[in-house]
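Below is one structure, written out as structure tokens; comments come after it.
The values are calculated or read from the model by the stated rules, or taken from the named source; none is laboratory data. Because the structure is a prediction, the values reported are computed rather than measured. For accessibility, only protein heavy atoms count, side chains too; no ligands or nucleic acids. Shrake-Rupley method; radii C 1.70, N 1.55, O 1.52, S 1.80 Å.
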Amino acid sequence: RELHDEFGQALTAHNLNLHNLRSDLECDSDAYQSALDQLISETGELLVHIRQLAQDLRPPMLDTLGFSTAVTTYCHEFARRSNIPVQVHIDPKLGELTDPDAIILYRILQESLTNISKHAQASTIWVDVADEGERISLMVQDNGIGFDTRVERKSGIGLTGIRERLALVGGELDLRSRKGHGTILCTYLPAKPIGAEGKEQR
């Protein structure tokens, strides 16, 4: 909220001031005009970056739709943008996730689908979220070209971020792929207890 409200509004005002300065500037020097144009462009890029950071910390869709609907909606929107069909299954037993778990799984889903669209050359994707009792699982599978998992750390396909997110909550990653046979990425998060009632929040 502070990134969006404080820094975002300050940068918006700063950008307006730059625009006003360019309009009021009487000097015809191309160098001055070029420098101002560059400042305006950089300010706009910084504003976009801060807004993205704010969304990354707390995806708005999770608040407005809840985890299950947010996952389904994102998959459908991704399929529309990428022209890759995504078949989604959400376990009916899946309850409410803790905030950290919901954010981490949602981000892992986004990163996984992005990786597939960039590298896999897949024609179909399957997404499954399941309540396994002691843990919550997210599986993302594709029928793309696959890769050698022994060299994936050097391949630049963005799995380091997924591992780092899982490490924050004691999660696990199971990655299976073979050249020409697609990829299955499974992540597991331990179920988290909530409150004094001894219930679990999924």
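Annotations
- Apportionment of accessible area to carbon and sulfur, region 29-137, percent (1.4 Å): 53
- Mean accessible surface per residue for region 7-149, computed with a 1.4 Å probe while every protein chain stays in place, in Å²: 56
- Ranked order, Glu77, Glu96, Glu172 - accessible area, probe 1.4 Å, largest first: Glu96, Glu172, Glu77
- A 1.4 Å probe over all protein chains sorts Asp91, Asp63 by accessible area into Asp63, Asp91, starting with the largest.
- 3J(HN,Hα) couplings calculated from phi for region 103-117 with the Karplus curve 6.51 cos²θ - 1.76 cosθ + 1.60 (θ = phi - 60°) are, in sequence order, 5, 5, 5, 5, 5, 5, 4, 4, 5, 5, 5, 4, 4, 5, 5 Hz; Gly and Pro show x.
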